[in-house]
Amino acid sequence: MTHLPDYITNDALLSTELLAIGNKVYQGDRISPAEGLALFEDAPLAFLGHLANFVREKRHGSVTYFNRNFHIEPTNVCVYDCKFCSYSQKIKKREDGWEYTADDMMDIVRSYDEKPVTEVHIVGGVLPQYDLEFYENLFSTIRTHRPELHIKALTPVEYHYVFKKAGISYEVGMQRMKDAGLASMPGGGAEIFHPEIREVICKDKCDADQWLEIHKIWHQLGMRSNATILYGHIEKYHHRVDHMERLRLLQDETGGFQTFIPLKFRNKDNQMSDLEEESSIEDLRNYAISRIYLDNFDHIKAYWPMIGRATAQLSLAFGVDDIDGTIDDTTKIYTMAGSEEQNPALTTEEMVNLIKLVGRIPVERGTLYDVIKDYSEFEFEGSNDFQGYVSLPVVEHTNGSDKS
Ligand code: V47
Ligand code: SF4
């Protein structure tokens, strides 16, 4: 049996409760919501990093995944009024925004024809002209044009809206999306599930139960999806725990989630701009607790355009094993909200270097975590004497994986 190392158990700053949680994590036992809350409230960063890195390395060793994808945002105008999102205000001045037609979107898809991307990620605002037939036609046209391109598109927010308008059930709707070529669902629209917060920040779009139900139905069709949390605004720690608990319970039932993606709230150009943003320390604590809490999720992803490259590199020691794709177009929902990266573009070589510089092994993956290329032997150009990274104590492992 693996035990916490002495330098942790002898740390006078760690309470008996925290050490008991640490031992549970070492033994592969699930922590309770109350214990999750205790981590948020009391655990020091280094302790969280140690535990999260233990879990991360037990599952994935040093492997760090990335994929080559591009984004299409059909529109930056939205009928919904999410207080944290700059798109919600554009509906009043619709002419200032963009609304792509299916042809416009196919032009974008075709512009990647010669590029070795494996995934198109489609997500944006909700508008009436984007209805059931529109998305069916779009997905099937993309699939016909480039059959091997994985279509990861839309969220329960759009699906709920579109199916309701079409008068069909979630079951029928998701089956039709699958038949048209939808291959997986990204994690957006989750925000904070708890009604105390959801009512304030995004009360008019699908609620928590509807979000979870659509993912459940999608999983029951044999398909995979992601989940997010939008943290660092008006929610309290217990709302974050509640959010993760709901996801963990559904994952116990279906096993269909691949990846959890914590999204840090950014405060530019939205109705919550008066709020201060979380510190990078809190970002790292949040990644670590996500890794520890969600024991039935394979992957924790850092969305690097949002937190910046340096924090993304650090996150790899705090439970994260995936950095989002090499994106060479602009994903405006974040640049408008004030993300770290004004032009979120990384070439594959830059992504590989970024991961290697912090001592991890870059592996290019497909959307479903099929290994496309292992870059462990890749010699990168540039600085070998990177000094900015604090490495955590190496954890000893007794077995390769505890995937459930
Ligand atoms: O649900 C909107 C977020 C999400 C802000 O599954 C904001 O691979 C921060 O879910 N500050 C959509 N976030 C994006 C998304 C996503 C991103 C990357 C990868 C994957 C994946 C999914 O964007 C929305 C919302 O939570 N968002 N406004 C803001 N001001
Ligand atoms: Fe619309 Fe999504 Fe923005 Fe809400 S978060 S306003 S649903 S684009």
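Summary of computed values
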item	result
Failed criterion for ASN226 (all others in (1) free of Cβ contacts under 8 Å to residues at least 12 places away in the same chain; (2) within 11 Å of ligand 1 (Cβ to nearest atom); (3) of a type outside the set (Asp, Glu) hold)	(1)
Hits in segment 235-259 (condition: of a type in the set (A, V, I, L, M, F, W, C) and in contact with a Lys or Arg (Cβ under 9 Å, 6 or more places away or on another chain))	LEU250, PHE257
Filter result for VAL172 (hydrophobic (A, V, I, L, M, F, W, C), open to solvent by 10 Å² or more (accessible area, probe 1.4 Å) and in contact (Cβ under 8 Å) with a residue 60 or more places away in the chain)	no
Subset of segment 13-41 [surrounded by fewer than 18 Cβ atoms within 10 Å (Cβ to Cβ) and more than 19 Å from GLU245 (Cα to Cα)]	LEU13, SER15, THR16, GLU17, LEU19, ALA20, ASN23, GLN27
Residues of segment 281-310 satisfying the condition of being away from ligand 1 (no atom under 15 Å from the Cβ) and not in a loop (DSSP other than H, G, I, E, B)	ILE281, LEU284, ARG285, ALA288, ILE289, ARG291, ILE292, TYR293, ARG309, ALA310
Pairs, first over 21 Å from THR155 (Cα atoms) in segment 100-125, second assigned to a loop (DSSP other than H, G, I, E, B), C-beta under 7 Å, six or more apart	none
Residue ranges of helices (runs of 4 or more DSSP H) in segment 162-276 with at least 1 members modelled with pLDDT of 95 or more and within 17 Å of VAL123 (Cβ to Cβ)	170-180, 208-220
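The values are calculated or read from the model by the stated rules, or taken from the named source; none is laboratory data. The structure presented is a predicted model; accordingly, all values stated were derived computationally and were not measured. Here Cβ is always computed from backbone atoms with ideal geometry, including for glycine, and neighbour counts include all displayed protein chains. Note: accessible area is taken over every heavy atom of the protein model, side chains too, but ligands, DNA and RNA are not part of it. Shrake-Rupley method; radii C 1.70, N 1.55, O 1.52, S 1.80 Å.
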